[in-house]
Number of protein chains: 4
Amino acid sequence: MKKNKPKYNMIIEAAVKVIAENGYHASQVSKIAKKAGVADGTIYLYFKNKEDILVSVFEEKMGQFIEQIKVAIMDKADAHEKLLTLIRMHFEQLAADHHLAIVTQLELRQSNLGLRRQINRVLKPYLDVIDAIIEQGVEEKTYQTDLTSPLARQMIFGTLDEMVTNWVMKEEKYDLVSQAEAVHRLLIHGLQAK
Amino acid sequence: MKKNKPKYNMIIEAAVKVIAENGYHASQVSKIAKKAGVADGTIYLYFKNKEDILVSVFEEKMGQFIEQIKVAIMDKADAHEKLLTLIRMHFEQLAADHHLAIVTQLELRQSNLGLRRQINRVLKPYLDVIDAIIEQGVEEKTYQTDLTSPLARQMIFGTLDEMVTNWVMKEEKYDLVSQAEAVHRLLIHGLQAK
Amino acid sequence: MKKNKPKYNMIIEAAVKVIAENGYHASQVSKIAKKAGVADGTIYLYFKNKEDILVSVFEEKMGQFIEQIKVAIMDKADAHEKLLTLIRMHFEQLAADHHLAIVTQLELRQSNLGLRRQINRVLKPYLDVIDAIIEQGVEEKTYQTDLTSPLARQMIFGTLDEMVTNWVMKEEKYDLVSQAEAVHRLLIHGLQAK
Amino acid sequence: MKKNKPKYNMIIEAAVKVIAENGYHASQVSKIAKKAGVADGTIYLYFKNKEDILVSVFEEKMGQFIEQIKVAIMDKADAHEKLLTLIRMHFEQLAADHHLAIVTQLELRQSNLGLRRQINRVLKPYLDVIDAIIEQGVEEKTYQTDLTSPLARQMIFGTLDEMVTNWVMKEEKYDLVSQAEAVHRLLIHGLQAK
DNA sequence: TATGAATGAGATTTCATTCAT
DNA sequence: GATGAATGAAATCTCATTCAT
């Protein structure tokens, strides 16, 4: 978060709302400027171009998202508790911010390859957090020792992401957060009968 | 697949290639027409509008994709074998068709909510196949009896989808198909140490 | 009316209906062909191009329109009766054919200068009929002797045309034919008090 | 006329010229923009769409047209003088502006029903002026006391409109203004011999 | 004669970005 | 820093007309 740049933040917040309400392609720069209460040209004093607004939105929001999870995980003792906390917070944060959920799960995907790569870079620290939990689990012998981290991480992230997307597509009609424990159990024990 | 409509298929095939190579938004109708060897106007004899091309591409290709998997699964005896076959074929088919992989994992997501819903409708039969496997597994007592199908299905589909997307984003630098067994094991046993 | 050319007439009749119902610019050749029950290409066996359809529609319909008026006037003795008959029949014929009224008063005017000139040529015989009545009236000393024919004709035709157009624009909500006598009186005596 | 909007007026003036020279349908927005010395997009800062240019042209020009006539009539004493002035000015103004004459008599009629209704609304104040003259004439006992205003107005306007259209169609080869007195006499006394 | 699938030119409008004030 | 009027490139889709059958 750029300090002492009130307009910067006003534009970021306006962008999230406008994109969530209108969809990515109907979110003209002029609409964002209007919602932010600045002139169109002012946008370009703070952002290189329209794409840069989007990346910045994701950076700011994802930065906070990941930070919250990191803090919450910090004082959990083992991988089990950490993973459960991560899942719960992943769901909680998106369930708490309707606009953000729409933007991250639907609108931000409507972008070209270049933008997708930038988004992936922003996402990297989150994937690192997941990797760290997996490694800790392996060291604790809670998780399988032959677990390849990328594979396990893709299962975890893929599952969470698919769940949130489904929930958004279903117009958030059901409770997402209450499923955190079940998801955790399923990821830990897999499909098989005990 | 519409029979006796050679132009229809020529346009579908051209569209997959052009979209994969240029991205959806840089895929002008005229570019698709040229690649298909027809006039621009001819496109509109077979498709309502540009978006309809994209949906039709997905319908045709996904139809074949699902059909292949259904056939391959048919003669497998138990849920375990069926799931492994599904995973393997999911990876194999996308690995075998570079253009299709890009279109389904990246370009198709660049669409508005309306289009997303149409895509989900096309995807539904595939999710039904996964659900059927899960139910069979539960009946066979291979899978947990308290397994809620939507949750398990979202884990399975989410994991496969995330893996393919990652692989496409990494420019298909590594072998996807060879990971099928490991993914299957992970989905079955989960993260925990045995 | 071309004899022994049933398709020619089917196309003419279809064109009047399609233009009246959809307006000139929404009357595609394919729509006229469909209404006529022929293939698009068949149109071009009978008409040079789309504009030719329009001119032909006007020729055929105006031909009948004028012929009817000529016949009705023939056995009227003096200019007064002839003019009254012309006015009444002008109103009657258009009031009796809703589609024709729309086409002549509104849709056919939506054309370029070239088409307008052709339409004027078709209209010429009607203007000649009016001129003949005026000349007869002058000879009979019923009308002013210093009457310049073009001027009087423009007053007569302009008045009738304006009245019909107004009536069509007002969606034919009132009775046009019953105004014939009043119009005739006004044209004969002018605005002044007697 | 919008004040302090130089571009608005530049576009209006350019539109009249371009439409008169090329016809409405061959008057591409880019052509109007070029003649006005602005970018294509600038047109859309001042007009909703292409049709709006046409309506606005008519509003501006007709507004001035009517205003001039109103002013000229104001200090005329009786209905006779007022009507003669109206006829003379109607002819004079259109004869003085070649482009405007073409646009109002020919190009403006090439429009769909919706546009026609808008044009009629703009024309309404002019028809009101004519109605007022008729009423005054009736009160003065100069005109017939049983004169129905709409009928008389349609004769007056229909005659003037037909005369100007004919003159434009004949490529303005003869003098229109010099016919004002004769038209006035004819409208007042009608066709009959004195 | 009749068909109708195929053609392809052509124009409106949007909107990210700039730059003079 | 802030403004917002102006720019102008770019692409979908329509529809009159053709021509091989």
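The values are calculated or read from the model by the stated rules, or taken from the named source; none is laboratory data. Everything numeric in this text was worked out from a predicted model, so none of it was measured. Here the Cβ positions follow ideal geometry from the backbone for every residue, glycine too, while neighbour counts run over all protein chains shown. All accessible areas refer to the heavy atoms of the entire protein, side chains included, with ligands and DNA or RNA removed. Shrake-Rupley method; radii C 1.70, N 1.55, O 1.52, S 1.80 Å.
Scanning region D:155-192 for residues that are touching a residue at least 24 places away in the same chain (Cβ under 8 Å) and on the phi > 0 side of the Ramachandran plot yields one hit, D:E172. The helices (runs of 4 or more DSSP H) located wholly in region A:1-88 that include 2 or more residues which are more than 16 Å from DNA strand E (Cβ to nearest atom), within 21 Å of the chain's Cα centre (by Cα) and within 30 Å of B:G114 (Cα to Cα) occupy A:6-22, A:50-74.
Kindly establish whether A:E81 is open to solvent by 10 Å² or more (accessible area, probe 1.4 Å), more than 9 Å from chain B (Cβ to nearest Cβ) and closer than 13 Å to A:H184 by Cβ. Spelling it out, A:E81 is indeed open to solvent by 10 Å² or more (accessible area, probe 1.4 Å), more than 9 Å from chain B (Cβ to nearest Cβ) and closer than 13 Å to A:H184 by Cβ. Listed conditions (1) modelled with pLDDT under 95; (2) touching a helix residue (DSSP H, G or I) at 6+ places or on another chain (Cβ under 8 Å) are all met by C:D146, apart from (2).
In the set (1) of a type outside the set (K, R); (2) within 16 Å of DNA strand F (Cβ to nearest atom); (3) open to solvent by 10 Å² or more (accessible area, probe 1.4 Å), B:M74 fails one condition alone, (2). Looking across region C:122-144 at every residue that is without any contact (Cβ under 8 Å) to a residue 24 or more places away in the chain and facing chain D (nearest Cβ under 7 Å), the one that is nearest to D:I87 (Cα to Cα) is identified as C:Q144.
Examine region B:13-22 for a residue that is more than 11 Å from DNA strand F (Cβ to nearest atom) and over 20 Å from B:Q110 (Cβ atoms), and state whether such a residue exists. Yes, the conditions are met somewhere in region B:13-22. List every residue pair whose Cβ atoms sit under 6 Å apart, with the two residues 6 or more apart in sequence or on different chains, where the first one lies in region C:45-72 and is within 14 Å of another protein chain (Cβ to nearest Cβ) and more than 14 Å from C:E13 (Cα to Cα) and the second, anywhere, is open to solvent by less than 80 Å² (accessible area, probe 1.4 Å) and within 10 Å of DNA strand F (Cβ to nearest atom). The qualifying pairs are C:K50/C:V29. With respect to the conditions (1) under 29 Å from D:S56 (Cα atoms); (2) buried (at least 18 other Cβ atoms within 10 Å of the Cβ), D:E92 falls short on a single one, namely (2). Taken as a whole, region D:102-120 holds at least one residue that is crowded, with 18+ Cβ neighbours inside 10 Å, out of contact with any strand residue (DSSP E or B) (no Cβ under 6 Å at 6 or more places or on another chain) and away from chain C (no Cβ under 12 Å). The residues of region C:134-152 that are under 30 Å from D:R116 (Cα atoms) and either surrounded by 21 or more Cβ atoms within 10 Å (Cβ to Cβ) or of a type in the set (S, T, N, Q) (or both) amount to a single one, C:A152.
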